[in-house]
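Okay, so here's the structure we're looking at.
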Amino acid sequence: EKFDKKRHHHLLIFAALIPYMHVKRQSGDRARNALMTAIGVRDVKLHEYMLHRSVFCRRVADGLSSAFAALPNSLESRSEEQDQAAITALEEFKRRLAFARDLCLKGDEEGMNNFMSGNIRGTDDSIIGNGLVEAVVREIRERFFEDRLLPSLMGVSENGQIAATVYTHTMLQTLCQTTKPRNPLLSAFLHFLLGDGNDPERDPS
């Protein structure tokens with residue numbers, strides 16, 4: 001996207017990190033570590049900037065969507081080279097998903113810390129942690145779950161449906177790889193799969 005001076009008139013270092021969010025090289029690792037650190041900084045202005053003056057949340061979601069689109073639409077083995085490319089693509093998708101998961105876990109943890117310590121006093125303070133997590137999850141739901149994953153699960157191709165189902169299982173495994181009691185992205189994923197009308201039956205007694 002074209003650099004927007006009106007949206008990036010301050011916090012230029014943070015804005016400069018965003019394009020490196022999904023880079024595979026060491027520069028990408030450093031950018032992701034820096035972004036994760038930024039999530040943990042208890043500063044309302046910083047989190048407000050992430051939410052309203054940057055493309056941070058959108059880039060998290062778009063990275064997942066583009067990585068999923070790069071996955072093969074069939075699991076049939078074709079050649080050793082193509083099979084290796086498929087494995088590489090799947091590992092990249094899992095890495096991006098794990099990054100999104102950890103971002104949400106970090107933000108949720110910060111939000112809970114502020115709540116337990118009594119630091120949340122008004123609308124501005126509630127931005128820290130929870131507001132950012134909600135924004136990331138919303139972008140992922142709209143730009144990835146609904147726009148990319150759902151069409152693949154509902155596709156007419158049997159091979160495509162099988163592949164999408166396997167990828168969905170892989171997503172579930174990746175999202176569950178944490179010991180944290182709260183997992184916002186996992187909750188959103190399960191809600192997407194089950195929907196409002198698919199609540200489990202309850203024993204009347």
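The values are calculated or read from the model by the stated rules, or taken from the named source; none is laboratory data. Computed from a prediction, not measured in an experiment: that's the story for all the values here. Cβ: placed from backbone, ideal geometry, glycine included. Neighbour counts: every protein chain shown. We work out accessible area using only protein heavy atoms, side chains counted, and drop any ligands, DNA or RNA first. Shrake-Rupley method; radii C 1.70, N 1.55, O 1.52, S 1.80 Å.
Summary of values
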quantity	calculated
Gain upon complete extension [Q177, V44; 0.36 nm per residue less C-alpha separation]	44.9 nm
Solvent exposure of the range 32-116 as accessible area per residue, Å², 1.4 Å probe	48
Residue-level accessible surface for I13, protein heavy atoms, 1.4 Å, Å²	140
Label-point separation, L190 to D83 (7 Å along Cα→Cβ), nm	3.6
